[in-house]
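Here's the structure we're looking at; comments come further down.
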Amino acid sequence: MGNNKMSEPQKAQGHQGATGLGVDQQKKQGVMPVLQYVWRLFWRDKPGLLGLIMVLILVFCAVGAPWITAYDPVKPNLRDAKKPPVWMENGIKGHLLGTDNLGRDLFTRIIYGSRVSLTVGFLGVLMACSAGMAIGMAAGYFGGRIDALIMGLVNMILALPYLVFVVFIAAILGRSLLNVILIFGLTDIPIFVRIARGEVLRMREAGFIESAQSVGASTFRILSTHVLPNLIGPLITLATFEMSAMIFYEAGLGFLGLSVPPNVPSWGNMLAVGRQYLTIYPWFATFPGLAIVFAGIGMNLLGDWLRDALDPRLRRMKR
Amino acid sequence: MENLLEVKNLTTRFHTFDGIVHALNGVTFHVGKGEILAVVGESGSGKSVAMMSILGLLPSPPATIDAGSAKLFTKDTAVDLLTLSKAEMNRVRGRQIGFIFQDALSALNPVMTVGSQISETLVRHLDFSWGRARTRTIELMNQVGIPGAAQRLNQYPHQFSGGMRQRVMIALAAACRPRLLIADEPTTALDVTVQAQILELVLRLQREMDLSLIWITHDLGVVAGLADRVLVMYAGRPVETAPVDTLYDHPLHPYTRGLLRAVPSLDRDTKAPLESIEGLPPDLLSPPCHCQFAWRCPCVFDRCWQDNPPYLEVAPGHIVTCFYDLDNGRPH
Amino acid sequence: MQRYFISRVIQSLLVLAGVLMMVFFMMHLTGDPAGLMASRNASPEEIARLRDQMGLNRPMTIQFFEFAIDVLSGDFGNSTRYHQPAMDLILERLPATVELASISLFISMIIGIPLGLLGGSNPNSMVDYLARGAGLFGQTVPNFWLALILILVFGLHLGWFPTFGRETWRFMGLTLPTRSVFLPACSLSLFTLGQLARFTRSAVMEVRSEDYILTARSKGLSVRRIYIQHILRNASIPLISIVGVQFGYLLSGSIYIETIFSWPGLGNLLADAIGNRDFALVQGIAFFSSFVVVILNLLTDMAYATADPRVRYGE
Ligand SMILES: Nc1ncnc2c1ncn2[C@@H]1O[C@H](COP(=O)(O)OP(=O)(O)O)[C@@H](O)[C@H]1O
Ligand SMILES: [Mg+2]
């Protein structure tokens, strides 16, 4: 977690010659001890453990939504519309967090909403990460003009007011899940490029690449067997943070009515409705917001943990 | 010779995620007034940690000093540095004991001028005004051989060459005329030619200011022409202490002997390959319950695996930490 | 250093040229800008007429150069909705955004920086947890949700602050903010506050572990002097850039906060423009915000270069 704690395993590893999570430990001792080691790392860093649990809960909600709740997230049920949560006056049994303006169970919609968030987050990051990794590796490996061009573009995009452009593109492309994924998947590439390139350059400086070249390894082989494995740690960490950011931005687009179509249960869409009814039915907006915060905190805590466990050097590289 | 500093049984540990690092395991040594002590050992043997423990400079956590004493003798009193309060310790650091770090580039503040970094010590300990400190700083910089001191005073560390930076570091450590100067591998980061100049400079200051000097190095080669006495460290323990000539002529610890064989020298047969000691230093995570050198020792026998060898004074001023009597080819 | 400044200026100009291209081609993403601009129920004939009117049938390069020349002379075209030059609308809304951004930055700085400083200097203390918490919440609590909650609590429930619009106070020829800015500024500052706390904290921690701090301690300096002269001084230099970046982010206008509070700024204008499919105006705002951000980054880098002797006396 904090930098202060970070310095201690770092030093200890330094003197033992182990790197990060201990790839060499894996080789020496088999799978169980590594799992134990990972568990110890989690146990020592309780916030990281909490983050892991929160993310697991989230995934569970997305995958098991139909088993968690019996209501339909889309079909209106006007008879029960606008009911407050159970613990409030007029709350009715069976609707834990109350119902929305069309009488749909809010709890159900929040659970189903995690599907949109996680889909956008996961696919968006997958896209940005794989593209960014390839481009960043090329930039770092080949250097020269290619590098200058790529980094020029990357720095340009990172210097722009992100939200303004995302909103602009979303308004042009129109509302659909695919568009949202594409928007985030594309606009997030530069960050991954920057990290991947930085790692490749560091390896070049450390002489890994030259030594592989000197024994005659092909470019493809060097990239896939030497460079790639070293990129995984930093990129996974970044991916966790970026996924949380995407969930955040997706909700923002939904709030403006620019994300998935209005009938799809998503946290952003729910907030947009909640805003209209804010003064009379405040719970419409309250709970989806909490869900967004929950997802964000879980992923950030997990990301912090990963950063420490996988690569203590990656700090403050986020947007 | 009167002693200036007496360190006894210094035991320092680091509490890390992987376990307890036993960095120092009962370190005992002393430095006489005006004496030059060289501390030698592979990297990781605890040389820096020993010095930092004495001055209370280790970060805590993870470091704890679990036993020992470090007596500093001033006029007629002795104080144990390890029991001093923070404020008292601050009066010792920089005033009584100056510290020269290895890498002057990272050891100097990049956003403060070199002059103010030297001056602030003078202001702190000698109650100088800033104006007076400035004048004295120029003198000091001249003394350590920085040309154009009056102008260079206002420059920043990165505007100096490596050798000049190290001179600044030395001026800074010696600014208040401390009684002891600790130089922690001050030449390791420098070019060979510059190394010799720095060495000469420190020796000159030592003579001029009549200081005691602890010179830390992992290179036995430079020690011969420099030190009065040598302390050899291994895995957080001294293995042998002796006057420099005795140590070179008559090393009594297998480790020292190995180290000396690894030193290239002019008068040896250049065709004979340099030997180096087989194996790696031990993992300090396991508590030291036997001789730490046993794994690599050519003379190891069953006793070595049972106990920590005690300090054995084989001749006046010649202390060795070993069960085996190299001279006679049998256990003591 | 002069060389550095010049190359930075050239770089910024290149970025702006790139932005110009992006803004232009973004309209062609769907292949039919006229279709985008036309009202939703326009007939194909109307769209065709619009296409002709806008000169969209001419070669793309000619269109682009025309657009570029127009923009460089300060002309973003006319808003289709307000029938006014986009630039006029933008400038009219700018003061509100500047007010909101400055006050948000101020709030973030007076809370975030001290929090980060104290947290970083006392790792694992109560303040440190606060600083870390601020960083975490700043990053995970959406400001559009926080705004709603603040409206509920402080606006509706307690009734302490207005929740709608901007009121100003004219005093000796100056336009001064009033209490109406409080809730929007608080909502908007959360993210920046967290970033500042987080960044300051890690800057302090990093500096604390530097070798020169060990040197300072080995000199026997007082804790106070080490803290002020060595730690704070070094930690504050990287802060310049984060503050600059954050101010740029705030100045590009918060579309959420401004719409929620009906704050008459750039973000609100952007939301309107998007709602009205007034894409000339959207283009104008996008370019203008980018311009502001790029200029701010440039100024920030220059300030940084001046503050850090390593850059000032070139490496
Ligand atoms: N902060 C720390 N945390 C854990 N172990 C440390 C720390 N600092 C030093 N050590 C350990 O103490 C031992 C001695 O280090 P040191 O005194 O720096 O060696 P050297 O003789 O090269 O100066 C090393 O094995 C090192 O791993
Ligand atoms: Mg050392």
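Structure summary
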| quantity | calculated |
| --- | --- |
| Residue (of C:I103, A:N90, C:G248) at the positive-pole extreme of the protein assembly as shown, dipole from beta-carbon charges | A:N90 |
| Value of Rg/Rh across chain A [Cα atoms, Kirkwood radius] | 1.05 |
| Out-of-range pairs (alpha-carbon distance over 18 Å; input B:K8/B:K71; B:K47/C:K219; B:K33/B:K71; B:K8/B:K47; B:K86/C:K219) | B:K47/C:K219 |
| Neighbour-count ranking [beta-carbon atoms within 10 angstrom, fewest first] of C:S262, C:S254, A:S214, C:S241 | A:S214, C:S262, C:S241, C:S254 |
| Loop sites in region C:46-144: trypsin sites (Lys or Arg not before Pro), DSSP, at most 15 other Cβ within 10 Å | C:R81 |
| Space enclosed by the convex hull of the alpha-carbon atoms of region C:31-73, per residue, Å³ | 75 Å³ |
| Cut-off of 10 Å, at most 14 other beta carbons, DSSP loop: longest stretch of chain B lacking such trypsin sites (Lys or Arg not before Pro) | B:76-267 |
| Chain B, relative contact order in percent, only Cα pairs under 8 angstrom and at least six apart counted | 20 percent |
| Segment B:T77-B:S286, length gained on full extension (0.36 nm per residue, minus Cα span) | 71.4 nm |
| Within chain B, longest stretch free of exposed GluC sites (Glu not before Pro) [DSSP loop, at most 13 other beta carbons within 10 Å] | B:3-274 |
| Scattering curve values for region C:86-307, log₁₀ I(q)/I(0), Debye with Cα scatterers, q = 0.15 Å⁻¹ | -1.01 |
| Helical segments meeting 18 Å axial Cα length and Kyte-Doolittle 0.0 threshold in chain A (DSSP H) | A:31-44, A:46-68, A:106-142, A:144-159, A:189-205, A:228-255, A:283-310 |
| Region C:86-307, relative contact order [Cα under 8 Å, separation at least 6], % | 28 percent |
| Average Cα contact separation per residue, chain A, under 8 Å, 6 or more apart, as relative contact order % | 24 percent |
| Förster radius 45 Å - calculated FRET efficiency between B:N142 and A:R44, Cβ distance, rounded to 0.05 | 0.25 |
| In nm, spacing of pseudo-spin labels at B:R132 and C:V223 (7 Å Cα→C-beta vector) | 2.9 nm |
| A:L102-A:S224 FRET efficiency (beta carbon distance; Förster radius 41 Å; 0.05 resolution) | 0.20 |
| About the Cα centre, charge dipole magnitude for chain B (Lys/Arg +1, Asp/Glu -1 at Cβ), debye | 1160 debye |
| P(r) histogram, all alpha-carbon pairs of region A:46-159 included - 5 Å bins from 0, percent | 2, 11, 12, 13, 11, 10, 9, 8, 7, 6, 5, 3, 2, 0 |
| Theoretical FRET efficiency, 1/(1+(r/R0)^6), r = Cβ-Cβ of A:L35 and B:Q306, R0 35 Å, to 0.05 | 0.40 |
| Cα-centre dipole for region A:44-317 with unit charges at Cβ (Lys and Arg positive, Asp and Glu negative), debye to 20 | 200 debye |
| Pairs of lysines in region A:44-317 (C-alpha under 24 Å apart; 8 or more residues apart or interchain) | 4 |
| Per-residue Cβ neighbour rank within 10 angstrom, fewest leading, A:Y112, B:Y311 | B:Y311, A:Y112 |
| Two-site label geometry, C:Q2 and B:Q197: point separation in nm, points 7 Å out along Cα→Cβ | 3.1 nm |
| Inter-site label distance for B:A87 and C:L13 at 7 Å from Cα along Cβ, in nm | 6.2 nm |
| Kirkwood Rh and Cα Rg combined as Rg/Rh, chain B | 0.98 |
| Net charge over other residues, Cβ less than 11 angstrom from the Cβ of C:G119 (K, R count +1; D, E count -1) | +2 |
| DSSP-loop trypsin sites (Lys or Arg not before Pro) across region C:223-315, with at most 12 other Cβ within 10 angstrom | none |
| Helical contribution to [θ] at 222 nm, DSSP H n ≥ 4, -39,500 (n - 2.57), averaged over the protein assembly as shown, rounded to 500 | -18000 deg cm²/dmol |
| When the protein assembly as shown is reduced to its Cα atoms, the Kirkwood hydrodynamic radius in Å | 32.4 Å |
| Rg to Rh quotient for region C:163-219, alpha carbon positions, Kirkwood Rh | 1.37 |
| Trypsin sites (Lys or Arg not before Pro) within region A:81-148: DSSP coil, no more than 12 neighbouring Cβ in 10 Å | A:K93 |
| Point-charge dipole on Cβ atoms (K/R +1, D/E -1) for chain C, about Cα centre, debye to 20 | 1240 debye |
| Of the DSSP H helices in chain B, those whose Cα atoms cover at least 15 Å axially and whose Kyte score averages 0.0 or more | B:114-126, B:162-174, B:192-209 |
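Readers should treat all values here as calculations from the given coordinates under stated rules, not as data from a laboratory. What you see is a predicted model, and the numbers here were worked out from it, not measured in a lab. Positions of Cβ are backbone-derived with ideal geometry, glycine not excepted, and every protein chain shown enters the neighbour counts.
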